[in-house]
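All of the numbers you see were taken from the coordinates with simple rules; none came from a lab. This one's a predicted model, so the numbers in the text were calculated from it and none came from an experiment. Every residue, glycine as well, gets a Cβ built from its backbone with ideal geometry; the counts of neighbours run over all protein chains shown.
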Amino acid sequence: MKLTVNGEEQAVSATTLAALLAELDYEPDFLATALNGELVPAIERAECALHDGDRIEILAPMQGG
Amino acid sequence: MLSLYGEDIASRLLLGTAQYPSPSILAEAVRASGAGIVTVSLRRETAGGRTGGQFWELIRELGVRILPNTAGCHSVKEAVTTARMARDLFGTDWIKLEVIGHHDTLQPDVFGLVEAARILIEEGFKVFPYTTEDLVVAGRLLEAGCEVLMPWCAPIGSARGPVNPDALRSFRAEFPDIPLIVDAGLGRPSHAASVMELGFDAVLLNTAVAKAGDPAAMASAFAQAVEAGRRAFKAGPLEPRDMAVPSTPVIGKAVFE
C-alpha cells in the first residue's frame, strides 16, 4: 500500500496507523498523528485502518515560541 | 497574582523554547527566567527519530506549565487540526493560537483567528490568541470566549520593542479586567519593563533571550525588568509633562542681588 507520510510517498505493509508507527520505528508515546488532515487520537491508532493514498502526519514535540 | 483561565501563575514572564544554542542552555535560560509557562510546538518527526521525545523529557524535568502553539499555521483548518493534535500529545487544553496572515510581518490573520478561536473554544480549549492591538478584533475574540488576549508589540523576532505604545495604552484601557500578555516583538529588558509599566499583565518572549550572547543572563535580566515594570505600574507612574517643573523647592531660596 502506498501512503504519503509527512509529505513523502512510502510503500508499507501496515494496515493500521499503530502498525505503521511500529513499521517505521517511531516511539508512539511522544507523537501526535493525523489522517487526511484530521487528528487521530493516540488511543484510536490501533483501530485506525489505512487505505491506499492516505496522507499521514506524524508530529512530535518541538521547540516553539 | 496573575491568573490565567483560573490557574494562578507565579511569574509574569512566559518564555519560548526555540532557537537556543543547545538544550542545556535552553534549560538554564528557563530556570534563570523564573518562567512558570513555556511555549512549545509540534513538527514532523522523522522515521526512527527520537528528538521529540528527548525534548519533551527536557521540558518535563523543568517542571513548568506547557503552552503549545499553532505557529506557522496560515489557515483556520491548519490551526484547528494542530491545536487538536497538541491537546492529544501534551495533555493540556491550553493553546497559543496563531493564524498567520502575512509572510513578511507574520501579522496574524485576525479574521481566521476569530473563526479558529470560536471552533476551539466550542471544543473546550482555553485559547491564548496571538493578535494585533486592534480593539474590534479583541472584542470579537472575547465574544468568542477567549479569557486572555496576547497582542503583539512588533513583528515576531524583530526585537523592535513597542512600535505603537499609544495603541497598547488604549488596549489596556479598553480591557481593564482581561489578562493581557504582550507577545512578540520585545527585544530588550527595557521594552518589557515599558509594557509592564503600561499595566500589561505579562510578556511572552523567545528570540530576545534565545539569540542573546548569554541566554541565561538575558533571561534573568528580563525577569528583573518585568518585575520592575510591574512594581512601577502598581506604584502609579508620573505622567509626562510638557515643561520643566523644579524638583527642588523654590520657596526659601537665598537672594544675592
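Assorted remarks:
- Dipole magnitude of region B:2-235 about its Cα centre (Cβ charges: Lys, Arg +1; Asp, Glu -1), debye to nearest 20: 500
- When only alpha carbons are used to place a centre, region B:140-159 and region B:172-240 end up 15 Å from one another.
- Applying 1/(1 + (r/R0)^6) with r as the Cβ-Cβ distance of B:Asp177 and A:Ala11 and R0 = 56 angstrom yields a FRET efficiency of 0.45.
- Close amide H pairs (under 5 Å, H built 1.01 Å from N) link B:Leu14 with B:Val203, B:Leu204, B:Leu205, residues at least 5 positions away or on another chain.
- Rg to Rh, two decimals, where region B:115-257 supplies the alpha carbon set and Rh follows Kirkwood: 1.14
- Backbone HN-Hα couplings from phi across region B:19-34 [Karplus 6.51/-1.76/1.60, Hz, Gly and Pro as x]: 6, 6, x, 7, x, 5, 5, 4, 4, 4, 5, 4, 5, 5, 6, x
- Applying Stokes-Einstein at 10 °C and 1.306 mPa s to the Kirkwood radius of region A:2-59, computed over alpha-carbon pairs, gives a translational diffusion coefficient of 144 µm² s⁻¹.
- Each 5 Å bin from zero up to the one holding the largest Cα-Cα distance in chain B carries the following percent of pairs: 1, 6, 13, 17, 19, 17, 11, 6, 3, 2, 2, 2, 1, 1, 0, 0, 0, 0.
- Angle between chain B longest axis and helix B:165-174 axis [Cα atoms, degrees, rounded to 10]: 80
- Derived scalar couplings between HN and Hα for region B:122-138 equal 4, 8, x, 6, 9, 8, 10, x, 7, 10, 8, 8, 5, 5, 5, 4, 4 Hz in order, rounded to whole Hz, by the Karplus curve 6.51 cos²θ - 1.76 cosθ + 1.60 (θ = phi - 60°), x for Gly and Pro.
- Amide proton proximity set for A:Val40, modelled H, under 5 Å, gap of 5+: A:Thr33, A:Ala34, A:Leu35
- Result for chain A in a Gaussian network model with C-alpha springs under 10 Å: among A:Ala42, A:Ala11, A:Ala19, the largest mean-square fluctuation is at A:Ala11.
- Only the Cβ atoms of Lys and Arg (+1) and of Asp and Glu (-1) were treated as charged; on that basis the dipole of chain A about its Cα centre amounts to roughly 80 debye.
- Amide H contacts under 5 Å for B:Leu97: B:Phe128, B:Tyr130, restricted to partners 5 or more places along the chain or on a different chain, H placed in the peptide plane at 1.01 Å from N.
- Among B:Ile181, B:Ile37, B:Ile119, residue whose mean-square fluctuation peaks in a GNM of chain B (springs only between Cα atoms under 10 Å): B:Ile119
- Compared with the dominant principal axis of the Cα atoms in chain B, helix B:215-235 is inclined by about 50°.
- Fraction of antiparallel bridges per DSSP, chain B only, in percent to nearest 5: 15
- Volume in Å³ per residue [convex hull over Cα atoms, computed for region B:188-257]: 162
- Cβ-derived FRET efficiency at R0 30 Å, B:Arg44 paired with A:His51, nearest 0.05: 0.90
- Cα centroid separation, region B:66-136 to region B:35-56 (Å): 18
- The angle between the Cα long axis of helix B:76-90 and the main principal axis of chain B comes to about 80°, on a 0 to 90 degree scale.
- In this simple spin-label model, placing a label point 7 Å from the Cα along the Cα-to-Cβ direction at both B:Gln224 and A:Thr4 gives a separation of 5.3 nm.
- For region B:18-157, the fraction of alpha-carbon pairs lying more than 21 Å apart is 45 percent, rounded to a whole number.
- For B:Ala235 and B:Arg60, a Förster radius of 41 Å and the Cβ-Cβ distance give a FRET efficiency of 0.60, rounded to the nearest 0.05.
- Each principal axis of the protein assembly as shown carries a Cα extent, and these read 103, 41, 35 Å when sorted largest first.
- Dipole moment magnitude, nearest 20 debye, the protein assembly as shown about Cα centre, only Lys, Arg, Asp, Glu C-beta charged: 1020
- Normalised contact order of region B:129-257, rounded percent, pairs of Cα under 8 Å and 6 or more residues apart: 20
- Helical runs assigned H by DSSP (4 residues or longer) give chain B a calculated mean residue ellipticity at 222 nm of -12500 deg cm²/dmol, each run adding -39500 (n - 2.57) before division by the residue total.
- Applying the Karplus relation 6.51 cos²θ - 1.76 cosθ + 1.60 with θ = phi - 60° to region A:38-46 yields 3J(HN,Hα) values of 10, 3, 10, x, 3, 6, 9, 5, 5 Hz, where x marks Gly and Pro.
- Other protein chain C-beta atoms within 10 Å of residue C-beta, averaged over A:39-50: 2.
- Remark: A:Glu9, B:Glu133, B:Glu257 ranked as B:Glu257, A:Glu9, B:Glu133, counting other beta-carbon atoms within 10 Å and listing the fewest first.
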